[in-house]
């Protein structure tokens, strides 16, 4: 089966600019996650969707980050405006259904550099 | 807040030897644990999981041990191969929780 697809793979922007990331989960996977992974750290959950509804966005900086999953398939994560501290790899993951013991399948991420 | 952490940031082993990667957690409410492998430029890959009602679980060349008394888990890799070189993360979920919390990771180097 095809894995989780993410684009772009790399993005370089200046601070205060806007950026968007796209994720296409594994076909049929109802749950989608966005993680932020700062260099040298483990991934940190930003937002979790079940179909097109938000399950958890408690760690999403809502003043600058937004995410949507229209139609319950693809998802986009946006940052506006970007700060230097947003430099990280943004990982998307999906799982077949909602449940803590459902294995999460990760994409290879988008590496964001803020100048 | 409480989080999952690791004892050693890097581990270097000889090809063919066994590897042991350790992880300490502090959240006593954690009852489900997962090990992930992350190769350079890739996303994390699920390796093995364990519930808190178990002490040990085995997979293909990997074994996870859980000691709830001291809040410690380990990942053992048998006959380590060059392809095992990666960063390994332990992660946890607390009882009734659906958020996976990752530790900082241990980098494993396999010397040929």
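The values are calculated or read from the model by the stated rules, or taken from the named source; none is laboratory data. Predicted model, so just to flag it, every value in this text is computed and none were measured. Neighbour counts are summed over all protein chains in view; Cβ atoms, including those assigned to glycine, are modelled from backbone coordinates with ideal geometry.
Of the residues that make up the stretch A:71-89, is at least one modelled with pLDDT under 95 and within 14 Å of chain B (Cβ to nearest Cβ)? No, every residue in the stretch A:71-89 fails to be modelled with pLDDT under 95 and within 14 Å of chain B (Cβ to nearest Cβ). Residues that are away from chain B (no Cβ under 11 Å) and in a loop (DSSP other than H, G, I, E, B) within the stretch A:40-56 comprise A:51, A:52, listed in sequence order. Checked against (1) outside any strand (DSSP E or B); (2) under 16 Å from residue A:41 (Cβ atoms), residue B:36 meets all criteria but (1). Could we say that residue B:48 is at pLDDT 95 or above, within 29 Å of residue A:25 (Cα to Cα) and outside any loop (DSSP other than H, G, I, E, B) here? In short, yes. Checking the condition without any contact (Cβ under 8 Å) to a residue 12 or more places away in the chain, buried (at least 20 other Cβ atoms within 10 Å of the Cβ) and either on the phi < 0 side of the Ramachandran plot or in contact with a helix residue (DSSP H, G or I) (Cβ under 6 Å, 6 or more places away or on another chain) (or both), which residue from B:103, B:43 passes? Of the residues listed, the single one that is without any contact (Cβ under 8 Å) to a residue 12 or more places away in the chain, buried (at least 20 other Cβ atoms within 10 Å of the Cβ) and either on the phi < 0 side of the Ramachandran plot or in contact with a helix residue (DSSP H, G or I) (Cβ under 6 Å, 6 or more places away or on another chain) (or both) is B:43. When restricted to residues that are touching a strand residue (DSSP E or B) at 6+ places or on another chain (Cβ under 7 Å) and more than 14 Å from residue B:23 (Cβ to Cβ), the stretch B:53-65 contains 6. Restricting attention to the stretch A:85-115, the residues being closer than 16 Å to residue A:41 by Cβ and not in a strand (DSSP E or B) number 4.
Note on the stretch B:64-96: residues that are surrounded by fewer than 20 Cβ atoms within 10 Å (Cβ to Cβ), in contact (Cβ under 8 Å) with a residue 60 or more places away in the chain and within 14 Å of another protein chain (Cβ to nearest Cβ) amount to 2. Selection of the stretch A:1-20 for residues being closer than 13 Å to residue A:86 by Cα and in a strand (DSSP E or B) yields A:11, A:12, A:13, A:19, A:20. Scoring residue A:10 on the criteria (1) closer than 22 Å to residue B:105 by Cβ; (2) within 11 Å of chain B (Cβ to nearest Cβ); (3) buried (at least 16 other Cβ atoms within 10 Å of the Cβ) leaves a single failure, condition (3).
Return the residues of the stretch B:53-63 that are within 12 Å of residue B:34 (Cα to Cα) and either touching a residue at least 24 places away in the same chain (Cβ under 8 Å) or crowded, with 17+ Cβ neighbours inside 10 Å (or both); say none if nothing qualifies.
The answer is B:63, and nothing else.
Within the stretch A:100-115, the set of residues being without any contact (Cβ under 8 Å) to a residue 12 or more places away in the chain and either more than 17 Å from the chain's Cα centre (by Cα) or farther than 19 Å from residue A:32 by Cα (or both) comprises A:100, A:101. Restricting the stretch A:105-115 to residues that are buried (at least 19 other Cβ atoms within 10 Å of the Cβ) and within 7 Å of chain B (Cβ to nearest Cβ), the residue that is farthest from residue B:31 (Cα to Cα) is A:109.
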